Amino acid sequence: MIGTRKALAKSVGSPADLADPEALFQSILAASVDCIKILSTDGRLELMNGPGLCAMEIDDFHQLVGQEWAALWPAGERQLVESAVVQARTGDAVRFTAPCPTARGAPRWWDVIVTPIRDRRGRVARLLAISRDITAHRATADRLRRIGEEDWLTDLPNRRSFQMRVEAAALEAMDKSSTFGLLLLDLDRFKHVNDMFGHAAGDHLLRIVARRLRGVLDKGAFLARVGGDGFAVIVPDIAADLDLIRVGEAILERLQRPACFDGRLIHASASIGAALFPRDGASADELFKNADRALFATKARGRGGIQMFQQHMRQAAQREASQLSLARVALMEKSVLPFYQPKLCLASGRISGLEALLRWDHPRLGIQLPETISEAFKDYELASRIGSLIQRAVIGDIRAWLRQGVEFGHVSINASPAEFMRDDYAERLVARVQQAGICPSLVQIEVTEHAFLAQGAEHVERALRVLSANGIRISLDDFGTGYSSLSHIKDFPVDTLKIDRSFVSTIDTVAESAAIVRALVELAKNLSIEVVAEGVEDEAQRKFLAGIGCDYGQGFLFSRPVKMEEVGELLRKLPPLLP
């Protein structure tokens with residue numbers, strides 16, 4: 001054994017002039033916090049230092065002398081240890097990490113380095129194994145990993161963990177030529193739960209939903225929380241739409257039972273989008289996007305239920321992305337501008353006002369209609385930025401016309417439903433009008449009935465009342481196409497109704513359209529509200545509208561939309577209706 005110690009002393013570079021290499025050797029062994037072992041070249045234990053014996057909770061090392069070191073490790077790790085011994089015996093240094101309990105069964109993780117000890121002739125005489133206890137470090141790393149991969153509220157895997165799992169599932173499916181299904185689930189009206197009962201109730205509901213989802217899914221399914229009220233499920237070995245739909249329907253049925261919070265019942269429902277790999281996506285990312293498109297389609301048709309991805313959804317998404325991209329380009333280049341179309345008094349033929357219609361100038365294709373960027377009007381940021389550009393341009397044009405002495409009546413500006421999603425639309429517009437120093441009555445705001453049904457509808461009524469109180473008139477556009485038209489004109493400060501062109505275009509060919517238009521005009525008169533008929537394109541339509549007492553008309557019969565610079569000439573041909 002002394003020879004071993006001398007060899008170790010020499011291997012660690014002991015100075016030749018040290019008087020007692022044995023004392024130095026013992027000091028190194030005693031001072032180290034690591035478990036240091038000397039092994040024979042065939043991997044049998046010859047020596048272990050005191051701190052190592054304590055770390056391994058070994059009371060009597062003599063019973064272990066001569067035993068195979070690998071035999072002290074769990075069965076699942078022995079091949080790794082034996083391989084390290086073989087490699088070190090050939091002269092290489094080897095490092096590995098593995099679990100091994102102490103002699104008393106306490107779990108431990110070890111970071112191990114095995115190196116050869118050479119004799120004076122350079123031959124491998126013994127092996128040096130140094131093991132460091134990394135159990136605490138490993139536990140900390142595991143905690144950090146769980147924090148990074150688990151959702152703290154529901155104890156489900158989080159979005160990051162889900163992404164790794166779905167990518168692994170896609171690779172495995174490609175390797176085995178197998179399939180799997182993906183379900184994306186959003187709780188319906190979850191914001192309403194938070195608003196009505198508080199965030200504690202919302203958190204409680206999320207935990208209950210997670211528990212119910214675990215209960216309804218097979219063991220092989222992977223469940224994760226991927227957003228505020230969003231969950232994702234990977235369902236293995238699913239090859240048919242019907243099978244995946246059955247899983248989704250089982251989830252929906254389980255969620256139907258109300259949850260109880262603080263003595264009150266909370267009802268939960270969900271919308272689900274479904275997709276199959278690889279049919280609906282050749283990669284994990286594409287599969288997720290298509291399941292999300294199916295989820296969007298489920299919500300768009302009224303929320304609740306499940307829908308499989310269909311190819312037309314991809315085309316719609318591509319069209320949406322293209323339109324959003326075009327809108328951002330138009331905003332960046334400030335190529336959005338208003339064109340103006342006159343509204344005429346059907347009795348006198350004079351112009352009562354103008355409607356500002358959005359156009360944008362494509363660098364290659366020229367002036368484009370708003371339909372080419374219609375998806376932008378559903379996005380708050382883009383809709384607000386476009387609306388602000390149009391408002392500034394219109395107000396600037398109004399000031400220019402006033403300086404020139406041009407009589408134009410008023411200008412109507414369209415407001416998309418998304419512009420009301422933050423409760424400051426009215427204040428921003430009123431401020432612009434006041435800063436420009438123009439009379440508020442020169443500006444009219446047109447909103448469609450859909451603004452009362454879209455997200456942010458709760459802000460619409462207040463905005464319209466603020467605008468009306470500040471002298472800005474309100475026009476209800478596309479009247480008759482919504483779901484609660486009469487309540488809108490009863491409950492909100494509406495000054496003008498605009499009859500939708502879909503009725504006007506068929507008044508001379510469809511008896512029902514003529515009856516509807518006649519009834520709307522009569523209704524408006526009884527409520528002392530002005531009426532504008534949109535889409536007047538021929539003389540027969542004009543005569544019919546004038547004959548039933550419709551106040552104003554707008555359409556190609558009178559003028560196409562024109563640039564600001566052409567409005568003066570238009571007014572000379574069709575003089576304004578003076579108050």
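The values are calculated or read from the model by the stated rules, or taken from the named source; none is laboratory data. Here the structure is a predicted model, which is why all the values come from computation and not from measurement. Positions of Cβ are backbone-derived with ideal geometry, glycine not excepted, and every protein chain shown enters the neighbour counts. Note: accessible area is taken over every heavy atom of the protein model, side chains too, but ligands, DNA and RNA are not part of it. Shrake-Rupley method; radii C 1.70, N 1.55, O 1.52, S 1.80 Å.
Some points to look at:
- A search for C-beta distances below 6 Å between a residue of the range 299-312 that is assigned to a strand (DSSP E or B) and any residue that is modelled with pLDDT of 85 or more and of a type in the set (Ser, Thr, Tyr), counting only pairs 6+ apart in sequence or on different chains, returns 305/298; 307/298.
- Total residues in the range 518-548, condition within 17 Å of residue 350 (Cα to Cα), free of Cβ contacts under 8 Å to residues at least 60 places away in the same chain and β-branched (Val, Ile, Thr): 2
- Of all residues in the range 251-299, those being within 19 Å of residue 179 (Cβ to Cβ) and of a type in the set (A, V, I, L, M) number 9.
- Hits in the range 496-512 (condition: crowded, with 16+ Cβ neighbours inside 10 Å, of a type in the set (D, E, K, R) and not in a helix (DSSP H, G or I)): 498, 500
- Answer residue from the range 556-576, given it is free of Cβ contacts under 8 Å to residues at least 24 places away in the same chain and of a type in the set (A, V, I, L, M, F, W, C) and is least open to solvent (accessible area, probe 1.4 Å) among those: 557
- Scanning the range 466-495 for residues being at pLDDT 85 or above, touching a strand residue (DSSP E or B) at 6+ places or on another chain (Cβ under 9 Å) and assigned to a helix (DSSP H, G or I) gives a total of 2.
- Condition met for residue 244 (in contact with a Leu (Cβ under 9 Å, 6 or more places away or on another chain) and open to solvent by less than 10 Å² (accessible area, probe 1.4 Å)): yes
- Test: residue in the range 133-146 that is polar (S, T, N, Q) and either within 30 Å of residue 111 (Cα to Cα) or not in a loop (DSSP other than H, G, I, E, B) (or both): yes
- Residue satisfying condition, being surrounded by fewer than 13 Cβ atoms within 10 Å (Cβ to Cβ), without any contact (Cβ under 8 Å) to a residue 60 or more places away in the chain and within 16 Å of residue 36 (Cβ to Cβ), within set 121, 95, 104: 95
- Total residues in the range 58-83, condition outside any helix (DSSP H, G or I), open to solvent by less than 40 Å² (accessible area, probe 1.4 Å) and of a type in the set (A, V, I, L, M): 2
- Residues of the range 28-57 that are open to solvent by 60 Å² or more (accessible area, probe 1.4 Å) and of a type in the set (Gly, Ala, Ser): 30, 31.
- You will find that of 368, 341, the residue that is open to solvent by less than 50 Å² (accessible area, probe 1.4 Å), at pLDDT below 95 and within 28 Å of residue 572 (Cα to Cα) is 368 and no other.
- None of 219, 299, 289 is charged (D, E, K, R), surrounded by fewer than 22 Cβ atoms within 10 Å (Cβ to Cβ) and over 21 Å from the mean Cα position of the chain (by Cα) except 219.
- Of the numbered criteria (1) without any contact (Cβ under 8 Å) to a residue 12 or more places away in the chain; (2) in a helix (DSSP H, G or I), the one residue 219 fails is (2).
- Within the range 407-423, the only residue that satisfies the criterion of being more than 14 Å from residue 338 (Cα to Cα), open to solvent by less than 10 Å² (accessible area, probe 1.4 Å) and touching a residue at least 60 places away in the same chain (Cβ under 8 Å) is 408.
- Restricting attention to the range 147-189, the residues that are outside any strand (DSSP E or B) and open to solvent by less than 70 Å² (accessible area, probe 1.4 Å) add up to 17.
- Within the range 176-191, residues that are in contact (Cβ under 8 Å) with a residue 24 or more places away in the chain have Cβ atoms under 6 Å from residues that are acidic (Asp, Glu) and assigned to a loop (DSSP other than H, G, I, E, B) in these pairs: 186/229; 187/229; 190/229, counting only partners at least 6 apart in sequence or on another chain.
- Among the residues of this structure, residue 265 does not count as one that is among the hydrophobic types (A, V, I, L, M, F, W, C) and touching a residue at least 40 places away in the same chain (Cβ under 8 Å).
- Hey, residue 213 in contact (Cβ under 8 Å) with a residue 60 or more places away in the chain, open to solvent by less than 20 Å² (accessible area, probe 1.4 Å) and touching a helix residue (DSSP H, G or I) at 6+ places or on another chain (Cβ under 7 Å) or not: no
- Odd one out for residue 380, checked against (1) of a type in the set (Phe, Trp, Tyr); (2) in contact with a strand residue (DSSP E or B) (Cβ under 9 Å, 6 or more places away or on another chain); (3) in contact (Cβ under 8 Å) with a residue 24 or more places away in the chain; (4) open to solvent by 20 Å² or more (accessible area, probe 1.4 Å): (2)
- Single match in 540, 515 (criterion: open to solvent by less than 60 Å² (accessible area, probe 1.4 Å), farther than 26 Å from residue 443 by Cβ and touching an Asp or Glu at 6+ places or on another chain (Cβ under 9 Å)): 540
- Matching entry among 551, 500 (being in contact (Cβ under 8 Å) with a residue 40 or more places away in the chain, on the phi < 0 side of the Ramachandran plot and touching an Asp or Glu at 6+ places or on another chain (Cβ under 7 Å)): 551
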